[in-house]
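The values are calculated or read from the model by the stated rules, or taken from the named source; none is laboratory data. Small disclaimer: the values here were computed from a predicted structure and weren't measured. Note that we place each Cβ from the backbone using ideal geometry, even for glycine, and neighbour counts take in every protein chain shown. These accessible areas exclude ligands, DNA and RNA; they are computed on the full protein's heavy atoms, side chains included. Shrake-Rupley method; radii C 1.70, N 1.55, O 1.52, S 1.80 Å.
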Amino acid sequence: GTGADNDLCINQAVVFIEDAIQYRSINHRVDSKSLWLYRWYYSRTCQWILSLTITLILALAFIEKPSSLTVTSDVRYRLPAWNPPCGLTESIELLCFLVFMVDVSVKSYLIGWEEFWKNKWLMAYILTLIVSLTDWVVSLSFFCAEDVRIRRILRPFFLLQNSSMMKKTLKSINSTLPEMASVVLLLAVHLSLFTMFAMLLFARTKDGQQEKEWVRYFRNLPDSLTSLLVLLTTANNPDVMIPAYSKNRAYSIFFILFTVLGNLFLMNLLTAIIYNQFRGYLLKSVQSSLFRRRLGIRAAFEVLSSLKETPANAQQSHVSVGALLQVLQKVDMDSRCKQAIMRSLKMCSCDQLSAAQFQKLFEELDKDAIKQHPPSPEYQSQFMQKMQFAFGHPYFGYLGNVVALANIVSICVVLVLDADKQPSERDDFFLGAINCFFILYYLLEMLLKILAMGLRRYLSYPSNRFDGLLTVILLILEIATFAEYGFPHPGWRPEFMGLLSLWDMVRLVNMLIVFRFLRIIPNMKFMALVVTTLLDLVKNLRAFAGILVVVFYAFAITGMMLFKGAVVPLGNYCILRKNEISWLSLVTFRLRLFSAYLLSVNLICRWTKIYFVAWWLISSVIWVNLFVALLLENFIHKWDRRCHREPLSDVEYQRTVELMFRDVLEEPTEEELMDKLHQHPHLQLCR
């Protein structure tokens with residue numbers, strides 16, 4: 001009936017607008033049941049459950065055998081780790097797999113069978129689940145005693161497939177690989193040539209001094225290649241050249257040439273090439289996101305224009321204001337945008353909206369989110385007005401910064417004076433007294449600012465929240481110290497009474513005071529600009545950081561399987577061993593300085609060097625340079641924009657990475673939008 005058709009059009013428009021808000025594809029089923037399922041799937045609850053499931057399955061590696069639940073990773077001193085019984089982690093894993101099976105089933109149904117065969121990610125998702133479940137069954141059949149668990153290496157895929165931005169990043173990286181391969185090949189040629197020169201230059205002779213160089217670093221081809229590869233990372237510099245340099249200073253020319261050509265030229269050339277190839281990555285991605293948003297809004301317009309209440313004799317499609325209001329009531333969107341669109345509709349005198357007017361209304365989604373700070377309280381008393389003026393003035397904040405600097409200087413003086421003293425010789429009276437004085441000042445400053453600005457306005461500034469939170473923590477610690485050890489007095493020395501000694505309490509207070517000194521950043525224009533830009537980058541580069549997590553996790557799990565049981569404690573010494581995820585994560589982070597590991601793995605097998613070299617190539621040579629390229633592009637663009645923006649004291653701009661490039665994006669044409677809509681696999685338009 002007409003009513004059912006109208007309800008379907010309204011619901012379709014709601015979903016299309018929500019797709020536009022979230023930059024999602026509109027190529028999904030649009031019948032009434034599918035729309036309900038679609039909104040349920042993308043609800044906050046379902047997405048939260050899916051994110052929690054992904055986090056849970058990744059975190060299992062920390063408690064699975066071998067467990068990382070120990071205080072220290074040193075095998076000489078740690079107690080035996082708790083290992084879960086067979087079936088515990090496997091049960092949790094099965095629950096996660098069931099959630100993923102529901103996830104892939106819903107996704108596959110919503111996009112339709114035809115689109116499913118075009119979606120390589122979904123097919124890979126199903127294949128990963130099949131392999132993981134097979135490996136899970138094999139694990140149970142061996143009573144969890146198997147050494148190799150393939151499904152653990154596959155777990156990061158669940159994180160990858162759940163993020164559209166990660167998929168775009170991988171696609172862009174894939175297109176950059178050919179250019180990177182040419183420079184990596186040039187690095188390999190550079191390394192090979194200098195390896196040959198080194199083996200000829202430091203060949204075995206009767207000279208005992210020169211033979212030290214041969215024995216330690218250039219005994220054979222694999223050792224020579226390894227030594228120079230590590231030198232390329234500067235991890236064994238200058239150790240690798242010391243024996244030869246001790247004999248003759250001229251040998252240093254070889255190592256200087258190798259380092260200059262490799263590090264200063266080739267490595268930086270790689271960074272330049274990657275930056276040049278990767279420079280347009282974000283712009284292309286954001287351009288694609290803009291097209292999705294415009295397409296979603298236009299799709300909503302088209303389905304609303306097909307409502308029965310629209311005049312049939314109209315030459316152009318129009319949407320009634322009443323229909324749009326019905327849609328806005330159901331759409332899950334930011335209240336600021338919804339209110340702005342409502343205001344625009346009320347100001348509009350017409351009852352029908354054209355496609356251009358409809359699209360213009362939703363341009364509110366592309367604007368900066370502006371946060372206005374609440375007004376200060378209005379006092380009637382002249383005395384209170386003067387107090388408000390004095391303690392709300394910027395100079396009062398500058399005074400607080402000077403006091404904080406004085407606090408830092410006093411702590412430094414005390415630490416320098418007490419650096420060489422034994423704990424029994426140390427008198428903490430002076431440090432305790434000055435801490436007491438400064439903390440009382442910080443408390444007074446916070447209260448006076450609240451008096452001048454009002455609590456709501458005070459808390460609306462992030463710097464004030466940071467300052468106030470640390471002040472409250474410092475006050476609580478100081479009260480706890482006084483309650484436990486009394487007020488500072490001459491001869492006030494550390495004693496162990498309860499959980500923390502006096503010295504531990506004082507150190508904790510001083511660390512927080514040092515941390516609190518960061519309050520000066522908002523008062524220094526360019527420093528604040530750099531810090532806020534970096535913080536915005538951290539928030540907007542989550543996809544890239546997520547891929548880093550995937551790489552770290554995969555290499556950590558692989559290393560655990562390859563080097564299980566390779567460390568044996570021998571008295572006060574240890575031989576290399578990798579057998580837990582937390583230690584492996586740290587190791588893989590430090591492998592850019594991997595000289596010790598490349599030397600230690602000779603005790604196990606020379607072929608294990610391939611693992612470490614592969615990690616170095618992916619993490620340092622490729623991934624870090626990609627990150628630098630992306631960081632530069634973001635930073636330069638945001639720096640230019642922020643430098644030209646007029647500072648407004650009561651207004652804060654909150655930008656996303658999509659809004660960052662808004663001024664350089666191209667609007668899609670009418671023909672492009674309509675052509676794409678007519679290709680929709682599940683939506684039939686009348687025109």
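Three principal axis extents of segment 43-162 based on alpha-carbon atoms, in descending order, are 58, 33, 20 Å. Applying 1/(1 + (r/R0)^6) with r as the Cβ-Cβ distance of residue 517 and residue 548 and R0 = 35 angstrom yields a FRET efficiency of 0.70. Using 7 Å Cα-to-Cβ label points, what is the residue 130/residue 382 separation (nm, one decimal)? Using points 7 Å along Cα→Cβ, the separation is 8.7 nm.
In the full protein context, segment 86-172 carries 51 Å² of accessible surface per residue, based on a 1.4 Å probe and ignoring ligands, DNA and RNA.
Computing FRET efficiency as 1/(1 + (r/R0)^6) for residue 189 and residue 372, where r is the C-beta to C-beta distance and R0 is 51 Å, gives about 0.30. The figure for residue 72 is an accessible area of roughly 50 square angstrom, using a 1.4 Å probe on the protein chains alone.
Set the Förster distance to 30 Å, then compute FRET efficiency between residue 670 and residue 49 from the Cβ-Cβ distance, nearest 0.05. So, using R0 = 30 Å, E works out to roughly 0.15. In plain terms, the chain from residue 261 to residue 343 could stretch by 23.2 nm, reckoned as 0.36 nm per residue minus the Cα-Cα distance. Taking the accessible area of segment 43-162, probe 1.4 Å, and keeping the other protein chains in place, the carbon and sulfur fraction comes to 72%.
Distance from the Cα centroid of segment 34-62 to that of segment 145-161 is 19 Å (rounded to whole angstrom). Spacing of the modelled spin labels on residue 330 and residue 197, each 7 Å from Cα toward Cβ, amounts to 7.3 nm.
Any of 118/338; 171/330; 212/609; 107/360; 212/564 with alpha carbons more than 29 Å apart? Name them for me.
118/338; 171/330; 107/360; 212/564
In this simple spin-label approximation, residue 360 and residue 680 carry label points 7 Å from Cα along the Cα→Cβ vector, and these lie 2.4 nm apart. If the chain linking residue 420 and residue 636 were pulled fully straight, counting 0.36 nm for each residue of separation and taking away their Cα-Cα distance, it would gain 73.1 nm.
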